[in-house]
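To start, the structure under review is shown below, and the notes come after it.
The values are calculated or read from the model by the stated rules, or taken from the named source; none is laboratory data. Please read these numbers as outputs of a predicted model, since none were measured by experiment. Cβ: placed from backbone, ideal geometry, glycine included. Neighbour counts: every protein chain shown. Heavy atoms of the whole protein, side chains included, go into the accessibility calculation; ligands, DNA and RNA do not. Shrake-Rupley method; radii C 1.70, N 1.55, O 1.52, S 1.80 Å.
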Amino acid sequence: MIKKKVKAFQGIGYNSVSLLLRPLLKSNLGTSRQERGVMGSPCSLGQSRDESEEQVEESTGILRVRVEESVFTIDRAILGQNFEYFRALFRSGMKDSQLNEFHLQGGLKARGFLIAMAVSRGECPAVRDPDEIVEAAECAAFLQVDVLVQHLIDLLDTDNCILLYHTAAVYGLWRLFHSAAVFIRDAYSDVQDALEALPEELICYVESLSPASFVALGTHSPSMKILQDCYRTVFYLDEEPGAWKYLTDLPTDSSTSMAGVAVVENRLYIIGGVRGVSKETVDLSFCYDTDSNTWSVFDGPQQSRYNFTLVGHNGHLYAIGGEFDKKIMSSVEACDVSTGAWTFCKHAPRSVAAAASAVARRRIFVCFWKPPDTTDIYEYAPKNDKWTLVTTMVKPQSYGHCMVAHGDNLYVMRNGPCDDFLRCLMDCYNITTGQWTAMPGHYINSRGALFTAMVRGNSAFTVNRSLTLEYVICSDKWKPRRQMSGFPKSGSLWTCLLRLPKSTDAQQEHDAEETLEMDANVESVEEDSVEANYPP
């Protein structure tokens, strides 16, 4: 259905795509409004109310907006705050800015405007029908509704990414366009057939991007400067041969032992950690820039801490809980990565250390365990600095070792029967419906390394010394897709996703010397693989 819609859409949009895409391919994405291709006024405005009615509604700030045959009532403040078209009109001082009824013409659809209003009120409407997707994008472009653009970005998945990508190109929604292109690049193998419906220029832009790479690093204390510690190395997975390759060395003074590791804006951050068995805290933060292949150093959190949860989100790092002087804490700090400054936030609901966390739909979720059988999942909202209990899972030995997000689902990996952490069970919580689902089968942690997992597109990557295993995330289970070489060093691992430059740095040429490359014959893993045993 999506593919047919794209082909039909090409008949009215191919020339527009070619015209709008050429400057983008030359200069990548611009940041000014003109560079982003913001559209002008798509409609005419008219007044059809008597003066007495206008005076009443003007005092209450309620406006009537007519689109096609439908009339919507909406608060003027909501329009001014979320619709740049109306904001500019209200501030213009023109006669039309004082009207209390507007008739929007020029091809807008009522359904697209209805979706825009819902998003502006803080709702998260499902937009699944291909016509709805096009109408919502059209409204977002013509009325310049940034919150609707962000909502469409949040909804990107393998079913709609091709249509959203093409539609964004036609209407000049460059933020959606680039986000969809990145998503397609990351899920390339899952959507490759559907790409054939796109113009060649759009396919070339996707293929010009780098996919996110699975990155791993071991757990190490700071080393002595006089020693060359070959184990203090960050590796990335080269998926074509299925082998781990050298990326960079850890800074001498950094620690990944009980530290916080997260990615913000495609930069890797290592915060805090400990030195040796005495657990002396490392009060520094380290940042790896993938573009320059360099490390930088800045101050650590104001409260010394280790064994804490570090979450990267929207230009900030959030250090949640942890330990200090053998005491578990509830304090939380946020770091603006643009300045390196740390500030205290509202304390977590209770003391917590090494809690599992995930970001779903740009919302932060953290697991809090109540031994032995209860896991509370709280949401932390940075905007209002508030913790909210979202759901509670009561299962035997429900301790959440790992939690990852895929779309609006949270997947929690917990102990198996008789507190067996080597045969994990998985439960899924949908943040939209509020429903829990028990995923069938056991997930063998001794080889699948499910204490850490990273999601890219429809794939979940896990790793340990034995193997790297890629799962495809299905509606009712994680299905093994392929297995590759294990991580070339022993010990506990941190993992993340980084988008690496396509050009190979000269320092990375010594992969052969630094990595223990094993036979990397990538093989398909059948459904009856020993890595996951599903019931018939």
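Ranking THR167, THR432, THR392 by solvent-accessible area of protein heavy atoms (1.4 Å probe, all protein chains present), from largest to smallest, gives THR432, THR392, THR167. Within the full protein context, the accessible area of THR339 is estimated at about 100 Å² for a probe radius of 1.4 Å. Going through the cross-link list LYS279/LYS370; LYS327/LYS383; LYS245/LYS477; LYS279/LYS327; LYS395/LYS477, which pairs have a Cα-Cα distance over 20 Å in this structure? Flagged as over cut-off: LYS279/LYS370; LYS327/LYS383; LYS245/LYS477. Mean separation of Cα pairs under 8 Å and 6 or more residues apart, divided by the residue count, gives the stretch 400-493 a relative contact order of 18 percent. A straight chain from ARG350 to SER490 at 0.36 nm per residue would run longer than the Cα-Cα distance by 47.0 nm. List the relative contact order of the stretch 293-384 as a percent without decimals, with contacts defined as Cα pairs under 8 Å and 6+ residues apart. Reported relative contact order: 21 percent. Rounded to the nearest 0.05, the FRET efficiency derived from the C-beta distance between SER208 and VAL277 at R0 = 35 Å is 0.10. Going by accessible surface with a 1.4 Å probe and the largest first, LYS489, LYS279 read LYS279, LYS489. Once the C-beta distance of ASP291 and ASP420 is scaled by a Förster radius of 45 Å, the resulting FRET efficiency is 0.55 to the nearest 0.05. Here the stretch 107-253 exposes an accessible surface that is 49 percent carbon and sulfur, computed with a 1.4 Å probe and the other protein chains kept in place. Structural descriptor for the stretch 96-170: relative contact order 29 percent, calculated from alpha carbon pairs under 8 angstrom and at least 6 residues apart.
Counting only protein chain heavy atoms and rolling a 1.4 Å probe, the accessible areas of ASP325, ASP186, ASP376 rank, largest first, as ASP325, ASP186, ASP376.
Among the protein heavy atoms, those of CYS418 account for about 120 Å² of accessible surface (1.4 Å probe, every chain in place).
Solvent exposure of TYR171, expressed as accessible area, is near 30 Å², computed with a probe of 1.4 Å over the protein chains only. Let me make sure I get this right: for the stretch 262-309, a, b and c are the square roots of the gyration tensor eigenvalues over alpha carbons, sorted descending. Under 1.5 in a/c it's rounded, otherwise prolate if a/b > b/c, else oblate. Which is it? Judged from the Cα gyration tensor, the stretch 262-309 comes out prolate (a/c at least 1.5, a/b above b/c).
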